[in-house]
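The values are calculated or read from the model by the stated rules, or taken from the named source; none is laboratory data. No experiment lies behind these values; they were computed from the predicted model shown. Heads up, the Cβs are rebuilt from the backbone with ideal geometry, glycines too, and the neighbour counts pull from every protein chain shown.
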Amino acid sequence: MATTFALSVVTPEREALRTDAEMIIVRGADGDLGVLARHIPLVTAIQPSVLVIKTADGEQQLAVTGGFLEVRGDVVTVLARTAERPDEIDRRRAEEAKQRAEERLQERLADLEEGRAKLALQRASVRLQLVEDGSRTAV
């Protein structure tokens, strides 16, 4: 019985990761979602979050900022707006983006602008979470 599945993490710009995974964890539309080999077919939206990838060699993490997850047999594809490894994230820039988003949320904003500010805050928070956790993970 298969204990791994083929995982691809792709963005509009690149293929961020291709590996055989034992498990992934990501935040879906309805909360955190774990996928193991032989998972039922599934398509769901994913939220900005840290994608945890468990392989035979250890654990990797990527910051993903939304998109979709598709499970078809033993092939799992994450179609993400962005996918970044800890070493690809500029901590200072992420902190500045988080601060700007928090400041924008303090203002009186139209609904659309408030939604954009909340999304920017989520993206920056996920990047910072990954950078802070990145020193504890094996790549």
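Pairing each residue of the range 79-93 that is under 12 Å from Leu128 (Cα atoms) with any residue that is outside any strand (DSSP E or B), provided the two are 6+ apart or on different chains, yields C-beta distances under 6 Å for Pro86/Leu130; Pro86/Val131; Pro86/Gly134; Ile89/Arg127; Ile89/Val131; Arg91/Val131. At least 1 residues being among the polar types (S, T, N, Q) and under 17 Å from the mean Cα position of the chain (by Cα) is the threshold, and among the strands (runs of 3 or more DSSP E) wholly inside the range 25-139 those reaching it are 42-55, 58-72, 75-80. Scanning the range 72-116 for residues that are surrounded by 12 or more Cβ atoms within 10 Å (Cβ to Cβ), closer than 17 Å to Glu15 by Cα and modelled with pLDDT of 90 or more yields Val76, Thr77, Val78, Leu79, Ala80, Arg81, Thr82, Ala83, Glu84, Arg85. Would you mention how many residues in the range 33-57 are at pLDDT 95 or above and acidic (Asp, Glu)? Selection size over the range 33-57: 0. Being in a strand (DSSP E or B), closer than 20 Å to Ala120 by Cα, at pLDDT 90 or above and within 13 Å of the chain's Cα centre (by Cα) is a condition met by no residue of the range 2-19. For the range 34-49, the set of residues classified as touching a residue at least 12 places away in the same chain (Cβ under 8 Å) and within 17 Å of Glu59 (Cβ to Cβ) consists of Val35, Leu36, Ala37, Ser49, listed by residue number.
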